[in-house]
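First comes the structure, then the notes that go with it.
All of the numbers you see were taken from the coordinates with simple rules; none came from a lab. Note that this is a predicted model, so its numbers are computed, not measured. When we count neighbours, we look across all protein chains shown, and the Cβ atoms used for this are built from the backbone with ideal geometry, even at glycine.
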Amino acid sequence: MIDIKGILDTLPHRYPILLVDRILEIDPGKRIVGLKNVSFNEPYFQGHYPGEPVMPGVLILEAMAQTGAILLMSDNKFKGRIPLFGAIDNARFKKIVSPGDQLISTLEVEWFRGTVGKMKGTATVEGQVAAIMEATFKLMD
């Protein structure tokens, strides 16, 4: 398990865009499971949507991507690099994510060569699929 201190040591992201609170499982180079506690205090809920708060889909994908980035960047040879999306494919949204939910992101590496690779991810809330995606990424210097 990796706590918030370990996440801050690994990722360059900070408030308000840091979207991972804890890593629950990690199989280095292969698979990772991360947790995001979705709070009503998040700034995007002020306008998305008043009276019916919904976590924006793009931020669900970003939470998944950050979880995947931790998997890669926990390898010392990639410390200090900046993870970037290259492409997002086959993204689907299945369930609304609201304040009070715990978003669980599970990512698996499909392939990785040099500093470029592809992952598949699923985000769930209480065991129900909220979103799925495939993402191509690059680690920049």
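Odds and ends about this structure:
- Derived scalar couplings between HN and Hα for region 134-141 equal 10, 9, 9, 9, 9, 9, 9, 6 Hz in order, rounded to whole Hz, by the Karplus curve 6.51 cos²θ - 1.76 cosθ + 1.60 (θ = phi - 60°), x for Gly and Pro.
- Fluctuation leader among ALA63, ALA91, ALA131 - the chain, Gaussian network, Cα springs under 10 angstrom: ALA91
- Sparse-neighbour loop sites [trypsin sites (Lys or Arg not before Pro); region 5-42; at most 15 other C-beta within 10 Å; DSSP]: ARG14, LYS30
- Rounded to the nearest 20 debye, dipole of the chain from Cβ charges on Lys, Arg, Asp, Glu: 360 debye
- Two numbers describe the Cα atoms of region 10-53: Rg and Dmax, which are 13.8, 42 Å.
- Placing a label point 7 Å from the Cα of TRP111 along the Cα-to-Cβ direction, the residues of region 46-89 whose backbone N falls under 15 Å from that point are 87.
- Whole-Hz couplings from phi, Karplus 6.51/-1.76/1.60, listed for region 113-122; x for Gly and Pro: 10, x, 10, 10, x, 9, 10, 10, x, 9
- Straight-distance crosslink candidates among lysines, where the alpha carbon sits under 23 Å from LYS94 and sequence neighbours closer than 8 are dropped: LYS36, LYS118, LYS120
- All Cα-Cα separations within region 1-112 were binned at 5 Å from zero, giving a P(r) of 2, 11, 23, 24, 19, 13, 6, 2, 0, 0, each value a whole percent of the pairs.
- A crude spin-label estimate for the pair PHE78 and SER39, with each label 7 Å from Cα along the Cβ direction, gives 2.8 nm.
- Choice from SER39, SER105, SER74 showing the highest fluctuation, given a GNM over the chain with Cα pairs closer than 10 Å: SER39
- Region 80-141: C-alpha pair distances exceeding 19 Å, %: 39 percent
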